[in-house]
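Input: a single structure, listed below in structure tokens.
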Amino acid sequence: MARSTAVAGLADGRLVFGCDYNPEQWHPEVWVEDVRLMKEAGVNLVAVNIFGWAELEPTPGAYSFDRLDAVLDLLAEQGIGVNLGTGTSSTPAWLTTLHPEVLPQAADGTRRWPGGRQAWCPSSPVYREHALRLVEQVATRYGGHPALRIWHVSNELGCHNALCYCEVSADAFRAWLRTRYGTLDELNNAWGTAFWSQRYSAWDQILPPRLTLSATNPTQTLDYQRFSSDELLAHYTAEEAILRRLSAAPVTTNFMVSAHIRNQDYWSWAPHMDLIANDHYLDHRLDSPTSELAFAADASRGLAQGAPWLLMEHSTGAVNWQPRNIAKIPGEMLRNSLAHLARGADGLCFFQWRASLQGSEKFHSAMLPHAGIDSQNWRDVLELGSSLHRLAEVAGTRVQAEVALVFSWEAWWAHDQESHPSSDVRYLDQVHAAYRALWDAGITVNVVAPGADLTAYRLVVVPGLYLVRDTDAAALAAYVAGGGHALVTFFSGIVDENERVRPGGYPGAFRDLLGIRSEEFFPLHPRDSLTLSNGGTATLWSEALRLEGAEAVLTYDGGHLAGGPAVTRHGFGEGRAWYTGTVLDPATLKGLLTTAAAEAGVVLPDVQEGLEVIVRSGNGRTYVFLINHSSEDRKYRVAGTELMTAEASDNAVVVPAGAVRVVRTPAMTADFPKNDGPVGDRKDAHRVSN
Ligand code: GAL
């Protein structure tokens, strides 16, 4: 299905500004004040009925819509659109009491109890039947409601219940495997069950990868991930079918492209959505939460194939689910919000509207905090609302990037399995490291799936693509042969889609492309490191690389691989392919990626440290977003009208410490000063994607 819904269409062409609204918690008198304050802030879309099931169906089959009717009518009267939840995300207590079999089972065979949220098995027909009955009711009642702008299926499908190991799931897994493999012989072959006496002689012997005494079969585990992602997608499409039958409103669900959730292969989900919506929270467990935000935003745009997308949840301040829930410092909420906007979001929503007084999320920030409207938080919300008003004309424009980064959930699942050369090397760390180096260098990146059309890019970065299909590896090689540039990092190309090692030396699928061959991995203990020929440091990984056509760019200066190549470069056809055989220190990695980008002809921005520069363009206009993360003023050479202050700039804009500026310029042309931004002086415009 094509994504046909423009995000701004949900708010009459304006940028979306909104929130989750959970009025179930409040007395109707509070709703009136809520809606008044929403209007004051400029809120134009609210997500309701996200966790509404127990209120809508208090006892089996008896529905009570009075309160939701009143909320929707109130919002419609005030011209606030609704992102309407189907309400199936969390089951009511009566359902799990009557049918405890819907409760999910963990890998050790124990059931998870109700009392939290999302306690249902994705394959449960009993859950599905009850959920769809509710959807039918909700869609029938509200499918044509004047407040309805978009359907919000369930909520963050798989946030807590992505993997269920119960008997029902086992049956569904077997059915999925029969479709995938057809015969047991095929399955035995794909899973390599000749090893460890794991051969199956009947389908009913096959189980989900439950807790075992030793390592489980890796292909079984990988297939279980694939199956589990497909099961939740099947639940989405089951709800979606009812909504489409009963309503003309677009349909989506909120993705979780983030650092700690990995169970959905969103590349396969995205085509089913009318628009891409993502939830993102700064994760202070990471080294660089701000660059991870940028990565998640770029990945959301990638899922939307470059079209504007919707940030369906983020936070005004602290969350409540990290070990230490760090509040945002002054200006940070605006910077975070506008970073999403700069990277292609046409709408920004928060969890949640009014801070709860009870329940497990009472210490999660909200648009309206416990302190009320006499608070910095509320003033920041008002400021963001008016900023979005000033930036309205950005809606519909697209981000430009000359560099792509290949990202794969499937490769992530496979890469991080047990029994690998090093448990210290994690897929997402490698992806984030490569992304951060590009982000630090001011290079805008499109995130793409393996096998994507790469012809629009000058440089393609491929971090840790441990699992790669033959066709996807061939596509990368063809791109380079045709004149493209690629940089591949270690532990890529190792196995095929069945987790079968590609023999003949590493990095398997990419050996010819990279002009190297390695016979053995030498992971490093975290306390050890190797020195590189540029004085930099190599950690966690090394390998005995032999040059087979490539040249060494960096070598090891001592240690067991002294003099051996650590980083290589290989002319391949018309293009060039780089390889990094270790974890490089951040400065070396940034230098390397910058060099690779420059050699590929990427226009390198000349920006001061701490200034994030992103360009959106369309309709003959270009918008240069300038986000100053530093504590000093920054200057950027660009002429046009600055939209946050409505001031004209002849040739340079000063971005005060911590502030954001957005400059509208005419569409950039070849005489635009070369060092002023990533799209200046494009010699070969057809290679720049939008
Ligand atoms: C999301 C969820 C919201 C809320 C939020 C808190 O995962 O969809 O309901 O719990 O996190 O950060």
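Quick notes on this structure:
- Accessible area per residue, Å², the range 11-146 with all protein chains present, probe 1.4 Å: 39 Å²
- Cα pair distances in the range 179-320, grouped into 10 Å bins until the bin that holds the longest one, percent each: 10, 29, 26, 23, 12, 1
- Summarising the strand pairing of the range 403-600, around 55 percent of its internal DSSP beta bridges are antiparallel.
- Calculated mean residue ellipticity at 222 nm for the chain: -9000 deg cm²/dmol, from DSSP H runs with n ≥ 4 weighted as -39500 (n - 2.57), summed, divided by the residue count and rounded to 500.
- Relative to one another, the C-alpha centroids of the range 603-673 and the range 119-134 are positioned 50 Å apart.
- Surface share of carbon and sulfur [accessible, 1.4 angstrom probe, percent] for the chain: 51 percent
- Counting only DSSP beta bridges whose two residues both lie in the chain, roughly 55 percent are antiparallel.
- Cα-Cα separations in the range 403-600 greater than 29 Å, expressed as whole percent: 12 percent
- Considering only alpha-carbon pairs that sit under 8 angstrom and 6 or more positions apart, the relative contact order computed for the range 611-675 is 35 percent.
- Per residue solvent-accessible surface (Å²) - the range 611-675, probe of 1.4 Å: 44 Å²
- Any cysteine of the chain lacking a neighbouring Cys Cβ under 4.7 Å - listed by number: Cys19, Cys159, Cys166, Cys349
- When each of the peptides 268-279, 460-471, 495-506 is scored by how many other beta carbons lie within 10 Å of its residues on average, the order from highest to lowest is 460-471, 268-279, 495-506.
- Amide H contacts under 5 Å for Ala277, placed H, 5+ residues apart: Thr253, Phe255, Leu310
- Model label points for Thr645 and Thr595, set 7 angstrom from Cα along the Cα-to-Cβ axis, are 4.0 nm apart.
- Highest to lowest packing among 55-63, 102-110, scored as the average C-beta count within 10 Å: 102-110, 55-63
- Placed amide H near Thr622: partners under 5 Å, 5+ positions off or other chain: Thr665, Ala667
- Average accessible area per residue (Å²) across the range 403-600 - probe 1.4 Å, nucleic acids and ligands excluded: 35 Å²
- The mean sequence distance of close C-alpha pairs (under 8 Å, at least 6 residues apart), as a share of the length of the range 403-600, puts its relative contact order at 21 percent.
- Shown here for the range 526-612: GluC sites (Glu not before Pro) in loop regions (DSSP other than H, G, I, E, B) with at most 16 other Cβ atoms within 10 Å, namely Glu548, Glu574, Glu609.
- Summary of the geometry: the range 543-585 and the range 404-425, compared by the centres of their Cα atoms, lie 21 Å apart.
- Over the chain, Cα pairs under 8 Å with separation of 6+ residues give a relative contact order of 11 percent.
- Pairs of Lys residues in the chain, spaced 8 or more positions apart or belonging to different chains, with C-alpha separations under 28 angstrom: 11 in total.
The values are calculated or read from the model by the stated rules, or taken from the named source; none is laboratory data. Only a predicted model underlies this, so the values are computations on that prediction, with no experimental measurement involved. Cβ sites come from the backbone with ideal geometry, for glycine too, and all protein chains shown count toward neighbours. All accessible areas refer to the heavy atoms of the entire protein, side chains included, with ligands and DNA or RNA removed. Shrake-Rupley method; radii C 1.70, N 1.55, O 1.52, S 1.80 Å.
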